[in-house]
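The values are calculated or read from the model by the stated rules, or taken from the named source; none is laboratory data. Just so you know, these numbers come straight off a predicted model, no measurement behind them. Please note: Cβ atoms are built from the backbone with ideal geometry, for glycine as well, and neighbour counts cover all protein chains shown.
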Amino acid sequence: MKEKILVTGGAGYIGSHTAVELQNAGYEVVILDNLSNSNIEVIDGIERITGIRPAFVEMDMQDKAKLQQLFEDHPNIKGVINFAASKAVGESVKKPLLYYRNNLVTLMNLLDLMPQYGVEGLVFSSSCTVYGQPDRMPVDETAPIKPAMSPYGNTKQICEEIITDTVHAGAPFRSILLRYFNPVGAHPSAEIGELPLGVPQNLLPYVTQTAIGIREQLSVFGDDYDTPDGSCIRDYIYVVDLAKAHVKAIERMLEKKNAEPVEVFNLGTGRGVSVLELIKIFEETTGVKLNYKIVGRREGDITQVWANPEKANRVLGWKAEASLADTLASAWKWQLHLREKGIM
Ligand code: NAD
Ligand code: UFG
């Protein structure tokens with residue numbers, strides 16, 4: 001068994017897929033989650049896929065004493081991947097303090113305690129949202145950070161700065177900041193996937209819920225953007241590929257291969273896909289006709305963003321591999337699984 005890794009927010013969407021890949025790579029996984037946006041059954045799913053049940057601690061990471069107890073109870077944690085955060089952009093506009101408190105306090109508690117317990121590396125979940133609407137495409141890691149469009153986006157920028165300042169001030173660990181583009185899809189086993197609470201805000205869950213009849217119609221937010229078909233362009237990355245990048249990042253830090261104490265990587269495919277293209281590929285792949293209509297633009301949406309993932313390809317030795325068709329098929333399989341189980 002390799003080193004012990006703490007996965008905060010590990011019952012969530014990206015965290016659960018990462019726990020699977022860490023266990024597949026031989027790491028011992030401890031998951032911490034308060035289940036505010038996830039479900040305990042996810043731990044069963046991870047066990048069914050990997051044959052190993054990860055340790056699970058239900059706790060709120062804002063509670064520093066409980067976090068300290070976790071480090072006492074699980075000695076020799078060598079690396080932490082910090083997924084725990086609140087992530088709904090719209091909600092963050094309405095409840096900014098909830099977002100600033102949850103996303104910043106949890107991180108600061110972690111940064112305070114890591115040195116005491118000999119943790120050597122921290123992987124942080126950041127977002128391409130830090131680039132806003134980039135001036136040039138594809139966007140690489142040197143692109144300027146633009147003023148955040150929401151309190152959520154601002155927490156990602158501030159968290160990146162908090163980590164960088166802490167490491168530069170001499171904290172005895174390294175960090176890798178991963179800027180995700182648009183994570184989509186589910187594990188091919190359909191044992192784990194994305195479980196949006198309520199009406200989905202993101203495109204793909206809305207697509208699959210419309211396709212299965214939970215939602216009547218998908219609204220496409222605008223076809224008058226300055227893009228080839230007028231709809232917005234994003235870089236949709238398969239969540240299992242994304243999860244594998246975290247394993248590479250952990251390996252890199254624990255093997256002390258970092259070029260800098262804090263490194264930043266874009267995680268995307270390098271391919272921009274429009275909303276209308278995605279719908280077409282979904283229909284072709286699944287054979288399901290989607291009921292959608294073009295409506296007005298959604299406030300705050302940027303026109304287009306896709307990654308230059310060359311640095312992650314070259315330095316991390318990681319590449320997004322899945323095709324978009326396979327990725328969309330995995331999301332559809334997950335939606336069908338939820339129906340079969342009577343969950344949705
Ligand atoms: P998610 O909501 O599915 O997972 C986050 C998990 O953290 C949830 O299980 C939640 O219960 C838990 N959590 C939240 N606050 C907590 C706290 N105080 N204590 C303990 N657990 C807590 O979200 P996700 O999509 O898996 O995202 C994971 C990370 O990646 C987040 O930091 C998110 O901001 C970031 N990210 C996500 C996307 C995306 O599109 N999904 C894009 C860029 C970055
Ligand atoms: N869209 C629709 N209809 C919908 C939902 C979305 O047309 O019902 C469109 C949006 O207008 C956008 C595209 O689909 O053009 C993607 O929208 P998402 O909401 O799925 O994703 P975003 O790119 O807006 O934002 C997501 C996360 C952010 C994160 C960002 C980058 O919500 O938290 O990806 O990682 F910061």
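Does segment 40-73 hold any residues that are in a helix (DSSP H, G or I), of a type outside the set (Ser, Thr, Tyr) and either touching a Gly at 6+ places or on another chain (Cβ under 9 Å) or surrounded by 15 or more Cβ atoms within 10 Å (Cβ to Cβ) (or both), and which are they?
Val42, Ile43, Gly45, Ile46, Glu47, Ile49, Lys64, Lys66, Leu67, Gln68, Leu70, Phe71
Return the only residue of Gly185, Gly222 being buried (at least 20 other Cβ atoms within 10 Å of the Cβ) and touching a residue at least 12 places away in the same chain (Cβ under 8 Å).
Gly185
Going residue by residue through segment 231-254, is there one that turns out to be assigned by TED's automatic domain parsing to the domain that holds Gly51, of a type in the set (Asp, Glu) and farther than 30 Å from His337 by Cα?
yes
For Leu104, which of the numbered conditions (1) within 18 Å of the chain's Cα centre (by Cα); (2) in a helix (DSSP H, G or I); (3) closer than 19 Å to Thr129 by Cβ; (4) within 16 Å of ligand 2 (Cβ to nearest atom) fails to hold?
Unmet for Leu104, out of (1) within 18 Å of the chain's Cα centre (by Cα); (2) in a helix (DSSP H, G or I); (3) closer than 19 Å to Thr129 by Cβ; (4) within 16 Å of ligand 2 (Cβ to nearest atom): (4).
Of the numbered conditions (1) surrounded by 16 or more Cβ atoms within 10 Å (Cβ to Cβ); (2) in the same structural domain as Val20 (by TED's automatic domain parsing), Lys257 satisfies every one except a single condition; which is it?
If we test Lys257 against (1) surrounded by 16 or more Cβ atoms within 10 Å (Cβ to Cβ); (2) in the same structural domain as Val20 (by TED's automatic domain parsing), just (1) comes out false.
If you scan segment 1-39, which residues turn out to be assigned to a loop (DSSP other than H, G, I, E, B), closer than 21 Å to Gln69 by Cα and either among the β-branched types (Val, Ile, Thr) or more than 15 Å from ligand 1 (Cβ to nearest atom) (or both)?
Glu3
Against the conditions (1) within 18 Å of Ile237 (Cβ to Cβ); (2) more than 20 Å from the chain's Cα centre (by Cα), where does Pro309 fall short? Just the number, please.
(2)
At least 2 residues that are among the basic types (Lys, Arg) in each: list the helices (runs of 4 or more DSSP H) lying fully within segment 232-344 that qualify.
239-254, 324-340
Can you tell me which of Ala85, Ala25, Ala19, Ala65 is in contact with a Cys (Cβ under 9 Å, 6 or more places away or on another chain) and not hydroxyl-bearing (Ser, Thr, Tyr)?
Step by step, each of Ala85, Ala25, Ala19, Ala65 is checked, and only Ala85 is in contact with a Cys (Cβ under 9 Å, 6 or more places away or on another chain) and not hydroxyl-bearing (Ser, Thr, Tyr).
Among the residues of segment 189-199, write down those that are at pLDDT 95 or above and either assigned by TED's automatic domain parsing to the domain that holds His17 or within 16 Å of ligand 1 (Cβ to nearest atom) (or both).
Matches in segment 189-199: Glu191, Ile192, Gly193, Glu194.
Against the definition (closer than 24 Å to Thr286 by Cβ, within 14 Å of ligand 1 (Cβ to nearest atom) and not β-branched (Val, Ile, Thr)), how does Tyr236 come out, yes or no?
yes
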